[in-house]
Each structure stands twice: as structure tokens, then as C-alpha cells.
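Everything below concerns the one structure shown next.
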Amino acid sequence: MYLLPFPILGGLLAWATLYFLGFKKQRWGEFILGLAAFFIAIVVQSPVQQLPLLGIGIRSNADVLARGTAFVVAVSVWFGLVAGIVQEGVKYLLVKDKSPNAGLFMGLGFGVTEVFFMVGTALATALATGEPLDVPLGAAVISMLERYFVVLFHVGTGIYLAYAAQNGFGKRGLIVMIGLHAVIDSLAAYYQLMKSEPVLYGAELITALAALGLMYYTLPKAKSEPAEEEKVIW
């Protein structure tokens, strides 16, 4: 089964879910702001994650694995913590003066952009190495579900950060979202290094529960206000 359509389908299904839940008026300015937020986060995140490892002679995953399980755990936590701080920090800076409804579409733009970025990266890698992108049907479906819940997670964090800032607990809310994001990405990083299927399933379950919990808590806050177009601050 060819992999690439499945994560794209997952992202589009998340978008469609929001549409059928009542968010029919699209806020393209905030969506594009989310797209920009993703690329800002990636530009900052990658060097911050990698430079300390390069400084101690780590050049590949094999170098990480050679230093033992404790080091693998430390690297995984480092990757997850940096991802949480950078991604949620960028989101917060861009939505702290906006409404929860605007935060929804900023988060949607962030999540959907991540989907296409990952698919593009996978395609470029496959073309460069000649490795096939065929996977079992089960793995393809898991990739679709993963992207579905990840996009909804980004939507939820976008709403939550805007709502928290609007109601006077923005910094505390940011810390909570960083912690949640860090847990998910730490597990994902550990799986990428160790290829441990129980860790993968645990990460997927936590992501799904976090996304659903955020949706339950935040969507009423985004829906309770009119979806009027706001001026996008770049």
C-alpha cells in the first residue's frame, strides 16, 4: 500500500471534522499565520535540538544507540522538550492577542502544514535513496489516524493558548501545553530511535486522548464567539 496519501487524508479528515462541527467560515488569514508559525518553529527547533549532540560527537542515530538506553532516553526527552517549547512558544506569541476562534484556525494551519511538510520530506527521501514507500495497510491506516489526531491536537493547543492569554493565565497555560507536547514528542523520538512498537502505540494513544480532551474543552470556547475576520499580525 502506497503510504503518502494516508497522512494527507488524515489531515483533511481533521479539517472536515471541524467543518462539520460548525466551523464552516474559514479564516484564511489565521490559517496562513499557522503555516508561517510551523516554518518558524522548524527553523528554530532543528538546530537547537541537533547542535548540542553534534558538539559531543553524535552524528547519527547509531551514535545515540551506542551510548546505551539511558542516553537514548535523555536524547528523546531533550528532543521532546525542545519541540514543545519551540512549537507551543511560537503559537503562543502569535495568538496571545487573538481570540480562541482565531487560535483554532492558526492551529489548523500549523497542523495541516506539518502534514504536507512530512509527506514532502518522505517523498524527497524516497527519491534520493530509492527506498519504496509501500507499507502494510495497517501501517498506512495508523499513519492516517496519527495525522488526524495530531492536527486536532494543534487545533486544540491553538485555541487553548489564545483562551488562556485572553483570561489571564497565558503563561501557566503555555507551560501546560509545553509539558503535554513534550511528553508526546519524547515518546515519538524514543520510538524513532528504538523502533519499539509498544512505545509507538502508547504515543498514539496519548496523542489521541490529548487531542480529544482538548477538543472537548476548547471547541465550545471557540464556538461561543462570532467568527469575524481579525487583522492578522505578522
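Worth a mention:
- Calculated accessible area for the range 1-109 comes out at 45 Å² per residue, all protein chains present (probe 1.4 Å; ligands, DNA, RNA ignored).
- Carbon and sulfur %, accessible surface of the range 95-134 computed with the full protein complex present, 1.4 Å: 64
- Multiplying each eigenvalue of the alpha-carbon gyration tensor of the range 4-223 by 5 and taking the square root yields semi-axes of 29, 21, 16 Å, largest first, rounded to whole angstroms.
- Förster radius 41 Å - calculated FRET efficiency between Leu212 and Leu53 (Cβ-Cβ, nearest 0.05): 0.75
- Per-pair calculated FRET efficiency, R0 = 22 Å: Leu145 and Gln192 via Cβ, rounded to 0.05: 0.75
- Only helices enter the 222 nm calculation for the chain: every DSSP H run of n ≥ 4 contributes -39,500 (n - 2.57), and dividing by all residues gives -28500 deg cm²/dmol, rounded to 500.
- Carbon/sulfur fraction of accessible area - the range 157-214, other protein chains in place, 1.4 Å, %: 66
- Value of relative contact order over the chain, rounded to a whole percent, pairs C-alpha under 8 Å and six or more apart: 34
- Of Lys25/Lys96; Lys24/Lys195; Lys171/Lys221; Lys171/Lys223; Lys25/Lys195, pairs whose Cα-Cα distance is over 30 Å: Lys24/Lys195; Lys25/Lys195
- Projected label points at Glu131 and Met1, each 7 Å from Cα along the beta carbon direction, are separated by 2.0 nanometres.
- Ile56 accessible area, assembled protein chains, probe 1.4 Å, Å²: 80
- Cα gyration tensor category, rounded, prolate or oblate, for the range 56-176 with a/c compared to 1.5: oblate
- One Cα centroid belongs to the range 165-224, the other to the range 1-61; the line between them spans 14 Å.
The values are calculated or read from the model by the stated rules, or taken from the named source; none is laboratory data. As the structure is a prediction and not an experimental result, all values here were calculated from the model. Methodologically, a virtual Cβ is constructed for each residue, glycine included, from the backbone with ideal geometry; neighbour enumeration extends over all protein chains shown. Side chains are part of the model used for accessible areas, which takes the heavy atoms of the whole protein and leaves out ligands, DNA and RNA. Shrake-Rupley method; radii C 1.70, N 1.55, O 1.52, S 1.80 Å.
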